[in-house]
Amino acid sequence: MFELSTDVGNLKELREGDFSAYDAIYLGDFSCPEYPNNFSSHAELLEAGLQHVHARGQKAYLRLYAVPGNDDLAWVGDVIDTALQLPFDALEVHNLGVLRMLRERGCTAPIHLGVFGNLYTHETAKVLKDFGVTRVYPNPELSLDEVRYIAEHADVEVLVPVHGKIPLVISETCFILEHSEDGAEGACGDGSCSYQCTQDHWLKRGRGDGSRADWSLKDTGRMTLSGKDLCMVEHGGRLADMGLKHFYVHNKGEAPGYAAAVGRIYRDALTRAFAGEAAPDFTPALDALAGLAREGLCNGYYFEGAGQRYIGRS
Amino acid sequence: MVKLLAPAGSLEMARAAVDEGADIIYVGPLGFSRRPYESEMSDDAIREAAAYARVGGAELRVVLNTFPTPYDFGRFVDKAVRYAADGASGFIVTDVGLMRALRREIPDTVLHVSIGSGISNLADAAFYRDAGADVIILPYRWDVAEIESVRRASDIGLETFLFETVQTGKLCPGKCIMSSYLRFRDWLEVEGSRDFHGSANRGAKECYRVCQANWEFGAAGADPVEIKLRRDARLMLAQLPGFVAAGVTCFKLSGRERPVGMIRDLVRFYRRAIDEVVAGASDLDHHAAELAELRGRWVREKAKRVDTLMDRAAGYVG
């Protein structure tokens, strides 16, 4: 009927968390190879992660590093070589050079294009299908109508994020480390990471007197996320009517328990929507989701506006 | 052959750049090149700039580096075909689908991969070569060794901005949608109507350069520091000989939104410097005083522009 997926960075989080609301798990943190025991950069952990997910009847997708420099290509290649020996249900790429590497290695597993793959049109999706891409994550700037257009005109699966902080920027170095007292400038990647990203970091631009716009963004070091949590819980019926089937909850940078709580709410809402039930009172769900979102909720760009706006169903 | 690629944000700037010796000028059609409309050009002006370049012995490239929408894709291709007929010898493009379409429709044109494509490694270069590109713009972070490595791996043309290499900070090209997360605006009448409300990446408004504004940054509960998200780019000179030796064949001067007088002076300066390097010079220290003066002007103009953009952003609703 539909697929609901989320992401988990490493084996510890996978074992300790409750991801039972999800049909599929994207394994790995595509933004930071230094993230502790990241599936995306630890080939030796792939088999254990895959087995854990498959044992629960879920699909396992492996995320590959999104912004490899030349020095990273060798180890990314090692991760790919290991992954291709395992029964992953798909590999996710963000970088077109890595996509080419997969083709060179004869990858026959489905390939998903990730959020930083810059997918804006059905024509681009057709080009990437020639490289084995079967699912695309359209750029978050696209509206729901544009997302549907791509799905229909490129004959490709589209991943539709329904909740969580939207990835806005990715960089090859760690902003937190560069500006911390412990980390000398340029130390990122030299093995001296002190994992300060385990604490929430925020970028704020605002004035109490309102003379400057009140903006906030969350920063995980190598990636900047929306301050607000994308929330589409009120719009499940519309998503179902549009023929969209693959939904996703962003979990990167969130506290333990976030994915479980959000997943339960969306599992219920989407199940009802796809069964054609009348829309319920969403107040309890919205209250619960707002309680998990320090800076509030937004709809992203789905309704043709700036990403941080929120538009209710009514 | 080492070429100097210069900005033409207006017809006046196009003429100045050609007069000062640019090998190639680049122009952006209204709404299709990630700049405010003041730095883009109408189709008539583009045609005139192409004619001026041709007479002056220069080429003209058209920047089509916004991402099309699904509905807009055909319009991008139609415009490109028309510009080619009007004398454009190539295009600067971001989207892979558009790249394939232009290669099919205009087989002999020169296709540059825009900085917005977010290339980060030599496998990317190979991908874009396969996709039909002739030239890639190199990442801001790359030094001579990395340029040499891609030179060995691919025959694709190598282009670099005339900025010094930087290794820290958030480098956004092709990987940033911060601006549109914070503010959107509809099209202005001068930009013509389109089928969507958009973002900087799609041409419907300028990027507000929020990464160059001051932000407060810190861990939750700790005292924040005031900070910019990236370093200001510095005009490059000392690296020129090394880059040429490593195989860079095209140097791009940024600045369609700058004053015409500044671009005129910069094109004149870099024309001389590149010619010296091509003639065998490896030391450009004698240009230090002039470079310092140009850098100062560059930074002052940049600060003015960021302030203007942020003021505009604050004025838009939603």
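Taking the criterion of being within 14 Å of another protein chain (Cβ to nearest Cβ) and buried (at least 17 other Cβ atoms within 10 Å of the Cβ), the residues of segment B:51-89 that qualify are B:64, B:65, B:66, B:67, B:68, B:69, B:70, B:72, B:73, B:76, B:77, B:80. Looking only at segment B:232-241, residues that are buried (at least 16 other Cβ atoms within 10 Å of the Cβ) and not hydrophobic (A, V, I, L, M, F, W, C) come to 2 in all. Cβ separations smaller than 7 Å between residues 6+ apart or across chains give the following pairs from segment B:215-243 residues that are touching a residue at least 60 places away in the same chain (Cβ under 8 Å) and part of a loop (DSSP other than H, G, I, E, B) to residues that are basic (Lys, Arg) and surrounded by fewer than 18 Cβ atoms within 10 Å (Cβ to Cβ): B:232/B:302; B:234/B:295. Here residue B:190 clears all of (1) within 17 Å of the chain's Cα centre (by Cα); (2) at pLDDT below 80; (3) under 22 Å from residue B:26 (Cβ atoms) except the condition numbered (1). If you go through segment B:257-287 and pick out every residue that is modelled with pLDDT of 95 or more and either hydrophobic (A, V, I, L, M, F, W, C) or closer than 30 Å to residue A:308 by Cβ (or both), you end up with 13.
Counting only helices (runs of 4 or more DSSP H) that sit wholly inside segment B:90-163, those with at least 3 residues that are more than 8 Å from every other protein chain (Cβ to nearest Cβ) are B:96-105, B:144-153. Listed by first and then second residue, the pairs with beta-carbon distance under 7 Å, at least 6 apart or on different chains, first residue in segment A:141-168 and touching a residue at least 40 places away in the same chain (Cβ under 8 Å) and more than 11 Å from residue A:248 (Cβ to Cβ), second basic (Lys, Arg) and surrounded by fewer than 22 Cβ atoms within 10 Å (Cβ to Cβ), are A:157/A:135.
Restricting attention to segment A:238-258, the residues that are in contact with a Ser or Thr (Cβ under 8 Å, 6 or more places away or on another chain) and either modelled with pLDDT of 95 or more or in a helix (DSSP H, G or I) (or both) add up to 7. Count, please, the residues in segment A:269-314 that happen to be within 14 Å of chain B (Cβ to nearest Cβ) and either over 11 Å from residue A:231 (Cβ atoms) or among the charged types (D, E, K, R) (or both). The qualifying residues number 10. For segment B:20-65, a tally of residues being of a type outside the set (A, V, I, L, M), within 18 Å of the chain's Cα centre (by Cα) and not in a helix (DSSP H, G or I) returns 14.
Residue under question is residue A:74, and the condition is that it be farther than 15 Å from residue A:132 by Cβ, within 14 Å of chain B (Cβ to nearest Cβ), assigned to a loop (DSSP other than H, G, I, E, B) and modelled with pLDDT of 95 or more; does it hold?
Details: farther than 15 Å from residue A:132 by Cβ: yes; within 14 Å of chain B (Cβ to nearest Cβ): yes; assigned to a loop (DSSP other than H, G, I, E, B): no; modelled with pLDDT of 95 or more: yes.
Here the answer is no, as residue A:74 does not meet what is asked.
It is to be established whether one or more residues within segment A:86-94 are touching a His at 6+ places or on another chain (Cβ under 9 Å), more than 14 Å from chain B (Cβ to nearest Cβ) and in a loop (DSSP other than H, G, I, E, B). Looking through segment A:86-94, at least one residue is touching a His at 6+ places or on another chain (Cβ under 9 Å), more than 14 Å from chain B (Cβ to nearest Cβ) and in a loop (DSSP other than H, G, I, E, B).
Filtered by the rule that a residue be touching a Leu at 6+ places or on another chain (Cβ under 6 Å) and either in a helix (DSSP H, G or I) or not basic (Lys, Arg) (or both), segment B:251-265 gives B:251, B:253.
What do you reckon, is residue A:275 in contact (Cβ under 8 Å) with a residue 40 or more places away in the chain, surrounded by fewer than 20 Cβ atoms within 10 Å (Cβ to Cβ) and of a type outside the set (Val, Ile, Thr)?
Working: in contact (Cβ under 8 Å) with a residue 40 or more places away in the chain: no; surrounded by fewer than 20 Cβ atoms within 10 Å (Cβ to Cβ): yes; of a type outside the set (Val, Ile, Thr): yes.
Judged against the criteria, residue A:275 is not a match.
Can you tell me which residue within segment A:97-111, out of those that are over 19 Å from residue B:150 (Cα atoms) and either in contact (Cβ under 8 Å) with a residue 60 or more places away in the chain or surrounded by fewer than 21 Cβ atoms within 10 Å (Cβ to Cβ) (or both), is nearest to the other protein chains (Cβ to nearest Cβ)? For segment A:97-111, the residue satisfying everything is A:103.
One line per residue, one yes/no per condition, for (1) more than 12 Å from residue A:155 (Cα to Cα); (2) at pLDDT 95 or above; (3) assigned to a helix (DSSP H, G or I):
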{"position": "A:102", "(1), (2), (3)": "yes, yes, yes"}
{"position": "A:106", "(1), (2), (3)": "yes, yes, no"}
{"position": "A:112", "(1), (2), (3)": "yes, yes, no"}
{"position": "A:116", "(1), (2), (3)": "yes, yes, yes"}
{"position": "A:119", "(1), (2), (3)": "yes, yes, no"}
{"position": "A:126", "(1), (2), (3)": "no, yes, yes"}
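Selection over segment A:10-36 of residues that are closer than 15 Å to residue A:266 by Cα and touching a residue at least 60 places away in the same chain (Cβ under 8 Å) gives a count of 6.
So that you can scan it fast, the table gives a plain yes or no per residue for (1) under 22 Å from the mean Cα position of the chain (by Cα); (2) assigned to a loop (DSSP other than H, G, I, E, B); (3) among the acidic types (Asp, Glu):
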site	(1), (2), (3)
A:225	yes, no, no
A:236	yes, no, no
A:260	yes, no, no
A:277	no, yes, yes
A:295	yes, yes, yes
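Within segment B:240-255, the set of residues being under 12 Å from the mean Cα position of the chain (by Cα) and within 17 Å of residue B:281 (Cα to Cα) comprises B:251 only. Among the residues that make up segment A:41-63, is at least one of them within 10 Å of chain B (Cβ to nearest Cβ) and under 18 Å from the mean Cα position of the chain (by Cα)? Taking every residue of segment A:41-63 in turn, none turns out to be within 10 Å of chain B (Cβ to nearest Cβ) and under 18 Å from the mean Cα position of the chain (by Cα). Restricting attention to segment A:120-159 and to residues that are within 19 Å of residue B:123 (Cα to Cα) and at the interface with chain B (Cβ under 10 Å from one of its Cβ atoms), the residue that is surrounded by the most Cβ atoms within 10 Å (Cβ to Cβ) turns out to be A:124.
Taken over segment A:173-197, the criterion of being modelled with pLDDT of 70 or more, within 20 Å of residue A:69 (Cα to Cα) and more than 7 Å from chain B (Cβ to nearest Cβ) is satisfied by A:174, A:176, A:177, A:192, A:193.
The values are calculated or read from the model by the stated rules, or taken from the named source; none is laboratory data. Since the structure is predicted, the reported quantities are computational estimates derived from the model, not experimental observations. Counting neighbours? That spans all protein chains shown, and the Cβs are built from the backbone with ideal geometry, glycine included.
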